[in-house]
Amino acid sequence: MKISLGRNDIITLVGSLMVAIGAFLPMVEIGRIGTMSYADAADPEVYLLVAFALAATVVIFLDKRKFSLFAAIGAWLVLLWPVIKNMGGDSGDDGGLMGKLSKVTDPIQKAASDVAGRIFSNVFDMEIGGLMFVLGMIVMTVGAVMAFMAAKKA
């Protein structure tokens with residue numbers, strides 16, 4: 001079995017590895033608590049996000065490049081699910097995202113919700129893991145779209 005990687009494949013591979021590594025590296029400095037990673041903020045979800053990100057690379061090695069876009073979309077859905085779920089504020093009895101934030105009393109939970117809210121809000125305050133994670137999501141998505149388009153033409 002001979003695998004030949006093109007430019008789109010390498011872009012997707014690099015992006016998905018950046019996401020997988022950046023999710024566990026220090027991401028944001030939270031006052032009096034310390035530096036937190038995305039894995040600290042979204043403990044069970046981080047594994048699903050990393051699985052989707054790495055699946056974008058796995059489908060390339062399986063020569064199913066058109067599925068890399070769906071893996072990248074899955075990673076974005078996992079990342080944005082808390083925002084999507086709590087849009088509107090009156091969709092449930094929890095008062096939306098702001099209602100949950102006001103009920104948080106544990107400092108670790110408050111810090112975790114702060115990390116989730118600050119992931120894309122101010123890129124200049126991020127540590128190396130945050131920059132790697134955000135850049136990886138963008139690079140992986142661009143590579144997956146280009147691989148999808150190339151596979152669709154062939």
Note down the net charge around S37, summing +1 for each Lys or Arg and -1 for each Asp or Glu among other residues with Cβ under 11 Å from its Cβ.
-> -3
Taking 7 Å along the Cα-to-C-beta vector as the label spot, tell me the V142-M87 distance in nanometres, rounded to one decimal.
-> 2.6
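None of the figures in this text is laboratory data; all of them are computed from the coordinates on show. Everything quoted here is computed from the prediction, not taken from an experiment. With ideal geometry, Cβ positions are generated from the backbone for all residues, glycine too; neighbour counts draw on all protein chains shown.
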